[in-house]
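Following: one structure in structure tokens, then a few remarks.
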Amino acid sequence: MKKYLKLIILVCAAVFGLVGMFMIFAPALTQHMGKITVNINGSDVAFGGWKQQLPFSAESVKTLQASAYILAFILTLIGVVFTVLAILGKLGKIAPVVAAVCFVAGGIFFFLPAQLITPSKDYLEIPGVDAGVFRDTISENYKLGAGAIVGGLFSLLAAALSAASVFVNKK
């Protein structure tokens, strides 16, 4: 059993990393307005595309553009790749260390969607809209969604498991 402990730890780290990555489809930001809940998915924050209807108009405008929030998912993916390399026995003890560092960085980015959100150029062309005011409004009105919280926690758990695998002997 002790022989397979490192393998089990690394497989769990890879699975936790994958779960964190799939949180791109879950809400990263949530706003509760009475009985109405407005969610912005992680994919909308990362890649842009969230549409919003303009007041007193039938037009809707693309509100968000691609932002640095994509780093949460890219770093988590890199962590998963290095964890798989560690499972395969490649790169020695450096693979789980690099995986742990990537998982920690990705986990931190998961908790920053409101700070990393970027308004689109179309949205900034609306009179009275400013990028700083937009971010302040998002930070004040929206709270972290389940996807951001779960993604960050699972990425940090994957980091802990990857780091722990360095100290487990195969003997």
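The values are calculated or read from the model by the stated rules, or taken from the named source; none is laboratory data. What you are looking at is a predicted structure, and each value in this text was computed from that prediction instead of being measured. Reconstructed Cβ throughout: ideal geometry from the backbone, glycine too, with neighbour counts over all protein chains shown.
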Within segment 78-94, tally of residues that are farther than 21 Å from Met21 by Cβ and of a type in the set (Gly, Ala, Ser): 2
message: Scan segment 107-119 and tell me whether some residue there is without any contact (Cβ under 8 Å) to a residue 60 or more places away in the chain, in contact with a strand residue (DSSP E or B) (Cβ under 7 Å, 6 or more places away or on another chain), crowded, with 18+ Cβ neighbours inside 10 Å and not hydrophobic (A, V, I, L, M, F, W, C).
response: yes
- prompt: Counting only residues that are touching a residue at least 60 places away in the same chain (Cβ under 8 Å) and surrounded by fewer than 22 Cβ atoms within 10 Å (Cβ to Cβ), which one in segment 1-13 is nearest to the chain's Cα centre (by Cα)?
  reply: Cys12
task: Go through (1) among the β-branched types (Val, Ile, Thr); (2) at pLDDT below 90; (3) within 16 Å of Ile149 (Cβ to Cβ); (4) under 12 Å from the mean Cα position of the chain (by Cα) and name the single condition Thr37 misses.
output: (4)
- prompt: Which one is modelled with the highest pLDDT, of the residues in segment 92-115 that are outside any helix (DSSP H, G or I) and of a type outside the set (D, E, K, R)?
  reply: Phe111
